[in-house]
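Participant: I'd like to ask you about the structure that follows.
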Amino acid sequence: MKTPSLRPCVLALAIAGSATALHGATIDQNVVLSNGWNAVYVSVAPSQGADELFADWPVWSVSAYNAQSYRRTASTSGGMTGEGVVRAPFLIWTRESPEGSTLKALAADTVLVCYSTNAAPFTAHLRGVPAAPRIAWHVSDDGEDASATRNLVGVRVSGSVNANSYFAGCPAVNAGEFLRITGRNEANPGFVSLGGFTGSRPPMLNDGDVVFVPGASVSDWSGPLYITPRAGVDFSTEGMVDEITVRNDGAADKTVVMEYVVSTDGAERPDLLCRESYGETATGNWEAFSTPLSRTLTTGETWKVSLALDRTKLAGTGAKLGGVISIREDGGTLSQAWLPVSAVDSKTSAPWPQGLWLASIRLSKVSYYQADGKRTDGVTSGGTMPVRALVYVDAAGQAKLVQRAVVGSSRVSSANLPVDLGAVAPSRGAFGDASAPLVFSYTIAADSPSNPFRHALHPLFDGKQMDFKTPAPNGDDIANYQGSVKPEWFSIGGEVEFAFDENAAEIWSPVEELTGNAKWTYTGVRRDGPVVAEGRFKMHRIAKEATVSE
């Protein structure tokens, strides 16, 4: 048995194909081989290696079309040697010499070429992780053997489809005939014309068909629908939000249906939330992805569907989870594809908004006292004063204002708060909640080394009377200033308020920057009353875990 005598099959043994299949998130596909030459499209990556997979197939060899070898981004440099890197258009498995085969495992989205020795049709049942289709178009050679250089294009459709409708909108195809492999000559395959792209009787395509298509240009057209991410959605052990996009690359409007279905290997399917958007605009709220989504796309329009996994609702067993996203077009092309969804059943160690947040505040307005003692707030100041504060949120969602924290081996601190201030719980409000501003109140004691009105090294400013022994009156009691012995010390206070802007953050949909309006009120620094400074703030989560002093 010889390998196909297609020109791309004359190759040096080069790169070995491999497919790393994620646990779960599989679909089934049947591949039918007729007697003689076959080209079949496989959209899944079976978990078996090539030796095991092809053991019962009535073939002596299998060639897997490596379309990526034609990509313009493929490496052609041999590094320091300067020698070109051989890019083989086909990877080959042979029964007689499996150890020398370059095809070790079957990747999803692959065209297989082989010769079946069975007189009757042979059906191979495949189960594996799917992938969205990709076509690496190259320009065809219109020479004597044009079939040898055409693009091998496989299709997954839910019925019989007119090839003109399927390839409408593809810039790489504008002339020439479609060919299909055939023949019972083991030495060389034959080809039969299916008609031209612009002919009056265009060919019909069925699921799993492979057609040899002339390429007039290089293109990223990969079918009527361009779907990302190609390998699907993998939340792994910590992921919580991902996105699927579908672009209409056809020549007419297309109605696309997206459905979340069960994996064929019986893996437990994690519950997902979804939210749709078109262009840059999100539409609607997060909802359970329990019913099919549908959208009619104009040519070139992109449909985005964000998916969310709420890890707080998982059991945390470490089990592998999996499901499949089915994407199909219900119009003239009937194209269909599947994307795997995989996750590990583990709870996040630091659910949002847990962690240390750094608030950068720009105070630009202050209070103003008139001669009659009346206070006016919100007066624009002559400049902007930058200050910062640290807010730590624990695993229970409880926020605390802290002066310093340790992140790893580094200490982070705020010079705007007293060094002897412990963690301050809020007097009211909730972190990140626009309807409940978060408010922290604190006091700088009279004898605190951070009190700006205490002269710590002045012998006559020690909080005692003239005998340096008897405590002076309490400076926080205004009545004590009427006596002959005046207080020397008094405490001052502060209140920090964070009024958050509206945000869409959830535990499973983290936002690493929050914004809003800040108000910092100082008490005890002016006899007339408190001083209020206001401005905008940006708050960033700088660490998911930190150590703070209580």
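The values are calculated or read from the model by the stated rules, or taken from the named source; none is laboratory data. Worth saying up front: this structure is predicted, and the values here are computed from it rather than measured. Glycine also receives a Cβ, built like all others from the backbone with ideal geometry; neighbour counts cover every protein chain displayed. Accessible surface areas use protein heavy atoms only, side chains included; no ligands, DNA or RNA. Shrake-Rupley method; radii C 1.70, N 1.55, O 1.52, S 1.80 Å.
Participant: Cβ-Cβ below 7 Å, separation at least six or inter-chain, first residue in the range 407-434 and more than 23 Å from Gly516 (Cβ to Cβ), second at pLDDT 90 or above and assigned to a loop (DSSP other than H, G, I, E, B): which pairs?
Facilitator: Partner pairs satisfying both residue conditions: Val407/Ala546; Pro418/Gln403; Val419/Gln403.
Participant: Kindly provide the set of residues from the range 221-260 that are open to solvent by 50 Å² or more (accessible area, probe 1.4 Å) and part of a loop (DSSP other than H, G, I, E, B), ordered by number.
Facilitator: Passing the criteria: Arg230, Ala231, Thr237, Glu238, Ala251, Ala252, Asp253.
Participant: Something else now. Cβ-Cβ under 6 Å, sequence separation 6+ or interchain: first residue in the range 89-114 and at negative phi, partner acidic (Asp, Glu) and surrounded by fewer than 24 Cβ atoms within 10 Å (Cβ to Cβ). Which pairs?
Facilitator: Every condition considered, the pairs that remain are Pro98/Asp51.
Participant: Among the residues of the range 405-424, write down those that are in a loop (DSSP other than H, G, I, E, B) and open to solvent by less than 40 Å² (accessible area, probe 1.4 Å).
Facilitator: Scanning the range 405-424 gives Ser414, Leu417, Pro418, Leu421, Gly422, Ala423.
Participant: Working only within the range 465-508, note down all residues that are open to solvent by 80 Å² or more (accessible area, probe 1.4 Å) and either among the charged types (D, E, K, R) or closer than 30 Å to Trp352 by Cα (or both).
Facilitator: Hits for the range 465-508 are Lys469, Asp476, Lys486, Glu502, Glu506.
Participant: Is there any pair linking a residue in the range 450-474 that is free of Cβ contacts under 8 Å to residues at least 12 places away in the same chain and closer than 15 Å to Phe490 by Cβ to one that is part of a loop (DSSP other than H, G, I, E, B) and open to solvent by less than 80 Å² (accessible area, probe 1.4 Å), with Cβ under 6 Å and at least six apart or on different chains, and which?
Facilitator: His455/Phe461
Participant: Can you confirm whether Glu276 is open to solvent by less than 50 Å² (accessible area, probe 1.4 Å) and modelled with pLDDT under 95?
Facilitator: yes
Participant: Okay, moving on. Among the residues of the range 412-436, how many are closer than 17 Å to Ser360 by Cα and under 35 Å from the mean Cα position of the chain (by Cα)?
Facilitator: Final tally of qualifying residues: 5.
Participant: If you take the residues in the range 191-211 that are part of a strand (DSSP E or B), open to solvent by 20 Å² or more (accessible area, probe 1.4 Å) and touching a Ser or Thr at 6+ places or on another chain (Cβ under 9 Å), which one is modelled with the lowest pLDDT?
Facilitator: Residue satisfying both the conditions and the ranking: Met204.
Participant: Across the range 509-529, what is the total count of residues that are surrounded by fewer than 18 Cβ atoms within 10 Å (Cβ to Cβ), among the charged types (D, E, K, R) and over 26 Å from Leu314 (Cβ atoms)?
Facilitator: Qualifying residue count for the region: 4.
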